[in-house]
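Down below is the structure, laid out as structure tokens.
The values are calculated or read from the model by the stated rules, or taken from the named source; none is laboratory data. On a predicted model such as this, the values are computed, not experimentally measured, just so you know. Using ideal geometry, Cβ is built from the backbone for each residue, glycine included, and neighbour counts are taken over all protein chains shown. Calculation scope for accessible area: heavy atoms of the full protein, side chains included, ligands and nucleic acids excluded. Shrake-Rupley method; radii C 1.70, N 1.55, O 1.52, S 1.80 Å.
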Amino acid sequence: MAALESTRFYCQQDGTIPICKNLTHMQSPCPPRSLVVFFGVYAGIINNQSFSRFVRLNALQAVLLSVILILPGLLESVFLQSPPRGTALQIYIQLSNAIWLFTSVCVAYGIGASLAGRVAQLPFVSSAAEAQVR
């Protein structure tokens, strides 16, 4: 959910991808929704021993990736008091697109690794997830 914030510029630049239209409509100013999903996944999947370790580890990696994606939004709220213009706007758009690309690559890599029966080894995320999953 946190990555949807960075889709706004990418989808405006490349409106030919059909998923962009659906993603921009999923954005909502409802922060509790992300919190409910976070606690639901954490309590319902990660701490549930009836799920396999593979499923719990992948769920925890998704949660950790979501937490990491909150940081750009926090930095934006702290440092951007007014809308950027000119070169600052171009840098802001490029950074937003880079976040969206990073998230898309992580999701695609995670799906591919899961289909192959392996755990996706994302830097920093997988080591933290390994330490948390019992």
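Below, the figures for the structure above:
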{"read-out": "Residues satisfying the stated conditions in segment 34-63, i.e. at pLDDT 85 or above, over 14 Å from the mean Cα position of the chain (by Cα) and of a type in the set (Gly, Ala, Ser)", "value": "Gly44, Ser50, Ser52"}
{"read-out": "Failed criterion for Arg56 (all others in (1) open to solvent by 70 Å² or more (accessible area, probe 1.4 Å); (2) under 16 Å from Ile46 (Cβ atoms) hold)", "value": "(1)"}
{"read-out": "Number of the condition not met by Gly112 [criteria: (1) in contact (Cβ under 8 Å) with a residue 40 or more places away in the chain; (2) within 30 Å of Arg53 (Cβ to Cβ); (3) open to solvent by less than 40 Å² (accessible area, probe 1.4 Å)]", "value": "(1)"}
{"read-out": "Among residues of segment 85-99, those that are surrounded by 14 or more Cβ atoms within 10 Å (Cβ to Cβ) and either over 17 Å from Val125 (Cα atoms) or more than 18 Å from the chain's Cα centre (by Cα) (or both), counted", "value": "5"}
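Conditions tested, residue by residue: (1) outside any helix (DSSP H, G or I); (2) under 27 Å from Ala43 (Cα atoms).
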{"site": "Leu64", "(1), (2)": "no, yes"}
{"site": "Leu71", "(1), (2)": "no, yes"}
{"site": "Val78", "(1), (2)": "no, no"}
{"site": "Arg85", "(1), (2)": "yes, no"}
{"site": "Leu89", "(1), (2)": "no, no"}
{"site": "Ser96", "(1), (2)": "no, no"}
